[in-house]
1. Set the Förster distance to 51 Å, then compute FRET efficiency between A:Glu348 and A:Val134 from the Cβ-Cβ distance, nearest 0.05.
2. For A:His231, which sequence-distant residues (separation of 5 or more, or a different chain) have an amide H within less than 5 Å of its own amide H, given hydrogens modelled in the peptide plane?
3. Which loop trypsin sites (Lys or Arg not before Pro) in the range A:313-390, with loop taken from DSSP, have no more than 13 other Cβ atoms within 10 angstrom of their Cβ?
4. Computed FRET efficiency, Cβ-Cβ of A:Glu454 and A:Phe745, R0 41 Å: what is it to the nearest 0.05?
5. Tell me the relative contact order for chain A as a rounded percent, counting alpha carbon contacts under 8 Å between residues six or more apart.
6. Over the range A:92-208, one equal point on each Cα, no solvent: what is log10 I(q)/I(0) by the Debye formula at q = 0.10, 0.16, 0.19 Å⁻¹?
7. Per 0.36 nm of contour for each residue apart, how much would the distance between A:Lys123 and A:Glu101 grow if the chain were fully extended, relative to their Cα-Cα spacing?
8. Can you compute the FRET efficiency between A:Glu170 and A:Cys367 using 1/(1 + (r/R0)^6), with r the Cβ-Cβ distance and R0 = 45 Å? Round to the nearest 0.05.
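Just so it is clear, none of the values below were taken in a lab; they were calculated from the coordinates. Note that the structure is predicted; figures quoted are calculated from it, not measured. All Cβ positions, glycine included, derive from the backbone under ideal geometry; neighbour counts span all protein chains shown.
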Amino acid sequence: MEEANKIELEKTYDPKKVEEKWLEFWIKKGYFQASISSQRPSFTIVIPPPNVTGSLHIGHALNNTIQDILVRYKRMKGFNALWVPGTDHAGIATQTVVERELLKEGIKREDLGREGFIKRVLKWKELYGNRIIVQLKSLGASCDWSRERFTMDEGLSIAVKEAFVRFWREGLIYRGHYLVNFCPRCDTALSDLEVTREDTKGRLYYLRYPLVSTDKNGQSETSRDDSASLHIIVATTRPETMMGDTAVAVNPKDERYKHLIGKEVILPVVNRKIPVIANESVDMEMGTGALKITPAHDFADFEIGNKHALPRVQIMDFKGVMNENAGIYNGLDRFECRKQIVEDFEKEGILEKVEDYSLQLGKCYRCGTVVEPMLSLQWFVRTKPLSIPAIQAVEDGRTRIIPEGWKNTYFEWMRNIRDWCISRQIWWGHRIPAWFCKDCEGITVSVEEPNVCEHCTSHNIEQETDVLDTWFSSALWPFGTLGWPRKTKELEVFYPTSVLVTSFDILFFWVARMMMMGLKLMNDVPFRDVYIHALVRDEKGEKMSKTKGNVIDPLDIMDEFGADALRFSLTALAAQGRDIKLSLSIIEGYRSFMNKIWNASRFVFMNLDNVEATRRVVSTGLNLSTPDKWILTKLNRTIQEIENSLEEYEFDKTSRLIYQFIWGDFCDWYIELVKPILNGDDLEARKRTQAILVRVLSSSLQLLHPIAPFITEEIYQRLRELGVRMSSTDEEETESISISSYPNFNKDEIYEEAFDEIEYIKEVIVGIRSLRAIVGVHPSKMVDIILLPDNKKILEITQANKNFIHSLAKASIDLSREEKPKKAVAQVIEGLQIFLPIDGLVDVEKEVERIKREISKVVKDVELTNRKLSNPDFLERAPEDVIEKEKEKFEELSLKKHKMEEVLQKLSEIG
RNA sequence: GAGCGCGUAGCUCAGGGGGAGAGCGCUUGCUUGACGCGCAAGAGGUCGCAGGUUCAAAUCCUGCCGCGCUCACCA
């Protein structure tokens, strides 16, 4: 007896014992650091930077699992793989969080002043900003942590300034007085994208604006007459804005109002005369067909106001409080004002009626406050010229969007793009590099802080207090992180990046803007592919949210089930174009899979009695058995399919393939087939089998590694202890599975014949097991089975694999009979009848039922096939091979039907 | 209003013009020398509905129904 190996695996896999260890190992060894001097092709991903304030949620887990799969796969494939990690300063979000924190101490940010507040935020970031990075690491993310970046770090700050300055000089950035979305709670302007529309129940108020009646002398007087012809009724959802009305617009084609165009109405409350104007855009069907125009507080009205040169009257301040232009309502909050005004108007007879109305209300996407369109001086990016190359790049495929369906969404948005308001009235962020001159009012824009105004050389200059939209800096991420605007080796080697992995909800916010910025500033697309993955929802398909209490916290999951189980679950569900409904039971299921792999390995370890036998894991030169050939064929086919699926971003398919191979092929069949050999006396055969076991196990681990890095590393390291090395000859490359080379498809390991043979034997075994179950034989009891093959070939195959049938079906096989036994239950498969003789113990009636059911199924198929074959059109038009196949099918099924009927006949005789 | 996606086994989902698939759940049997987070054998489906194209439709086309999402200044 040879020396028993000393490495034994525990009975159950415990992720807690291994994950942290390998994490540290990988990072310490620097396996994930990319090289700028490598000759190998590069593969680059930049992480969608999570908010520094953030904590890992399930969406991050999915997003980063997918990126990690790609990076680990490419790294193993020999690419110079770089995954750049980092975080985003998340202006409004972070400021809000810190402000809330301060408020607990009774401090407002104004109390600290700008500098003091920024210091406070930085302190906060130091304390909590690293949290999500630690969490990403624990997920197993194989980022190059030595290159971690932050959107507010020095390099990226320079990038932001540089981009701003260039855009300004080219006229791509301008400053102007426009109507913008303003959040009174966050106290800042927002871009269009930062406003979400929500279905809200509101009311439609009908207001009566008296006409100014003009007498023959041309003098006007106010009419208080209630008769219909003397006023216009306008409908509005926002009566409190009426003080800002500067016109009433009607459609010029509208017969009801035609005669009033050019006349004036008197605006209640403020008693201002405003004109009735004609505008095509007014919908006659809508409301009363007369539209109050409030250019300073409504986007559509702003447009109309411009066309007709109407004055803009602002009636509230940036906090949403009514100002002096609101007359008696001065000082009231906008919603209180609405209440009050409705009450007052009702009394005064100005309010004609009120209707329930549902509308899409714009709300701040950060805090949910109703957004107020406000007239203010802001900075904008002129997006049209930037969008054109960004559209072209996707049109001509320089950047691919996967799944393709999102292309349309991208185009749709890009083609209708509007200028981007980039200034924010907050403190936390990149301060706009523009200085105003107090003497000449000129603007100096510069990367370096200027001493003088570039227009009049005055020293009396002051920097803009606004900061930039966080997405402005995020848009520079793919090249800013690689050193831009410096001309770095990194940019040369790693730009354009290979793929961006993200979810569709930031397609416009981020992806589109990176495209525009990358093409403008780098003169090339920021990434070759954009892979858009699903949203993770709860098991009912609802969005996870803290308020609903249906969140699945990835940290809890990793703690309970291990990072690998979580990663595998997300991967298995990551089908393109479909949301992920995640539940605990799914994760439990894949935890079982991890345990299965563990135990398959445990089995292998237990059956390696000699290190020599396992040192080399190559299979060439061995006198392979049929099952060996079968599993190698299956392995190679799986390798090929996995590779395809990964290249196509079909991650669900990848995980299914691995799952099926490891569990369905390797564990359920190969290991079982091979057990007698391992327990047998044939030393050569045993050694050979051990080699194949190790070979298939290690390849499986490698295939699985990108999805489940921890368990695969753990088992791999244990194999190493035994002296097993992965196929690479380079000792360094075998230190860790994460840098070993990914299995390659090898056509020399495809054995068609052996493969088909085992597939057939599997059917025989299942057939026998089925008979055993029917008769109710105890699993441990051996049965006698009679096989009647149709032809010599089947006879040979069954004969050659008799011992496998014997061990897997617990059956002694008799192949020498020439006729059917008298009393037996039977199974018919292609080319073979399987009999299990009985002593009348079986429930004949039940068995007759079963056979009948099966016959009727076959009959149905036979008829269907026959119908096809007797259809002249089919024979004429269907392709040759289809007809051929159909004929074979017909033969086979007819034969089966015939045999089954015979079986039935025999059974009836017993009965 | 425009656009997109999805309706396949009880549940979650693959598949995608020529013999309906997986996992979970369910039923039955198992202290099988890797694993009960397991093994084996089963039951379970007019592939949303109606038309059309085709020799052939779960699969392609059209319409409808249901669910979801995105975009849009409709008072």
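1. It comes out at approximately 0.20.
2. A:Leu211
3. A:Lys319
4. Calculated transfer efficiency: 0.05.
5. It rounds to 13 percent for chain A.
6. -0.56, -1.17, -1.28
7. Going from the current span to full extension adds 6.7 nm.
8. 0.85
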